[in-house]
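Q: Before anything else, here's the structure in question.
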Amino acid sequence: MIFRKPENEYFDIDDTIESDAMILRLPLIADFPQWSLLRTQSADFLRPWEATWSNADMSKSSFAHRVRHFRSTARKDEAYPFFIFKADARQTLLGGITVSNIRRGIAQTATLGYWIGQPHANQGYMAEAVRLVSGFCFDQLNLHRLEAACLLHNGPSARVLEKNGFEQEGIAKKYLKINGQYQDHLLFALLAK
């Protein structure tokens, strides 16, 4: 795993996280065509696992607004939303992974969320992305704890977390509004070694 860093000690919003298989970096407005295509192709696949999206959420202007917001939250050390790209000549967009809700002080913890496009599901990409981001959280952000949640019936997501050493801590009733309704989630956590 490589944290590509310019000359400063801390993660910069233009840095990347890399392995032989993938590159993780903050989204750019130029990513819109790939993102829009992947999200459109994967809409039915993603719908059961995500918050409800409106048609306006898929527009280029909405995407550009989110990208500006993402970069702002990263500069403030509040969240780090990464796009996941295959480390190939085309740098194919695979999905996204976000470290959010960063709490400093005595907590030093954050929340992990992720999605992958349907053409790339069940190929090990998300497990690798979670491994890379976990290392970034502990080694670069100096977090103590990383939390994640998935729907009770989302076996593939639970396996990704367990494969990366996350331990199930319980169930949160009506935790997040997914696909239009509040649903129970399995709660997981990974602690720094």
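Q: Near Lys86, which aspartates and glutamates are there with a Cα under 13 Å away, not counting those fewer than 8 places off in the same chain?
A: Glu18, Asp20, Glu128
Q: Would you work out if the range 32-91 is rounded, prolate or oblate? Take a ≥ b ≥ c from the square roots of the eigenvalues of the alpha-carbon gyration tensor; rounded if a/c is under 1.5, else prolate when a/b is larger than b/c, oblate otherwise.
A: Cα axes put the range 32-91 in the oblate bin.
Q: Find, among the trypsin sites (Lys or Arg not before Pro) in the range 97-187, those assigned to loop by DSSP (not H, G, I, E, B) with at most 16 other beta-carbon atoms within 10 angstrom.
A: In loop regions of the range 97-187 (DSSP not H, G, I, E or B), the sparsely surrounded trypsin sites (Lys or Arg not before Pro) are Arg104.
Q: Further, regarding this structure: Taking Lys60 as the anchor, which aspartates and glutamates have their alpha carbon closer than 12 Å to its alpha carbon, excluding any fewer than eight residues away along the same chain?
A: Within the straight-line limit of under 12 Å, Lys60 reaches these aspartates and glutamates: Asp31.
Q: May I have the convex hull volume per residue, in Å³, for the Cα set of the chain? Walk me through the numbers before you get to the answer.
A: Numbers: hull volume 24.2 nm³, N = 193.
With only Cα atoms used, the chain gives 125 Å³ per residue.
Q: May I ask you to list the lysines whose Cα is less than 19 Å away from that of Lys163, ignoring any residue fewer than eight positions away on the same chain?
A: Here the lysines satisfying the reach criterion relative to Lys163 are Lys193.
Q: Sticking with the crude label model, points 7 Å out along Cα→Cβ, report the distance from Trp53 to Thr40 in nm, one decimal please.
A: Each label point is offset 7 Å from its Cα along the Cβ direction, giving 1.1 nm.
Q: What is the sum of charges, Lys and Arg at +1 and Asp and Glu at -1, for the other residues whose Cβ falls under 14 Å from the Cβ of Gly155?
A: With Lys, Arg at +1 and Asp, Glu at -1, the net is +1.
Q: Could you tell me which of rounded, prolate or oblate describes the range 79-182, using a ≥ b ≥ c as the square roots of the eigenvalues of the alpha-carbon gyration tensor, with rounded for a/c under 1.5 and, failing that, prolate when a/b is larger than b/c and oblate otherwise? Before the final figure, lay out the partial values.
A: Numbers: a/c = 1.73, a/b = 1.14, b/c = 1.51.
It is oblate, given that a/c is not under 1.5 and a/b is not larger than b/c.
Q: So between Arg68 and Lys173, what do we pick up on full extension, going 0.36 nm a residue minus the alpha carbon distance?
A: Between Arg68 and Lys173, full extension yields 34.5 nm more.
Q: Still on this structure, please answer the following. Quick one: if you stick a label point 7 Å off each Cα along the C-beta vector at Ile13 and Arg75, how many nm between them?
A: Once both label points are built, they end up 0.5 nm from each other.
Q: Give me the one-decimal nm value for the distance between modelled label points at Thr92 and Ile106, 7 Å along each residue's Cα-to-Cβ direction.
A: The modelled label-to-label distance comes out at 4.9 nm.
Q: Let me ask another. Which whole-Hz ³J(HN,Hα) couplings does the range 168-183 yield from phi under the Karplus relation 6.51 cos²θ - 1.76 cosθ + 1.60, θ = phi - 60°, glycine and proline marked x?
A: Karplus-based 3J(HN,Hα) across the range 168-183 equals 6, 10, x, 10, 9, 6, 6, 6, 9, 8, 10, 6, x, 9, 5, 10 Hz.
Q: If a/c stays under 1.5 just call it rounded; otherwise compare a/b with b/c (prolate if a/b is bigger, oblate if not). Do that for the range 120-174, with a ≥ b ≥ c from the square roots of the Cα gyration tensor eigenvalues.
A: Numbers: a/c = 2.54, a/b = 1.19, b/c = 2.14.
Oblate, because a/c is 1.5 or more while a/b does not exceed b/c.
Q: At most 16 other Cβ atoms within 10 Å plus a DSSP loop assignment makes a site exposed; report the longest stretch of the chain without any exposed chymotrypsin sites (Phe, Trp or Tyr not before Pro).
A: Looking at the chain, 54-193 is the longest stretch - no exposed chymotrypsin sites (Phe, Trp or Tyr not before Pro) with at most 16 other Cβ atoms within 10 Å.
Q: Where nothing but the Cβ of Lys and Arg (+1) and of Asp and Glu (-1) is charged, how large is the charge dipole of the range 2-147 around its Cα centre, in debye to the nearest 20?
A: That gives a dipole near 360 debye.
Only the coordinates and a few stated rules stand behind these numbers; no lab work does. Because the structure is a prediction, the values reported are computed rather than measured. Please note: Cβ atoms are built from the backbone with ideal geometry, for glycine as well, and neighbour counts cover all protein chains shown.
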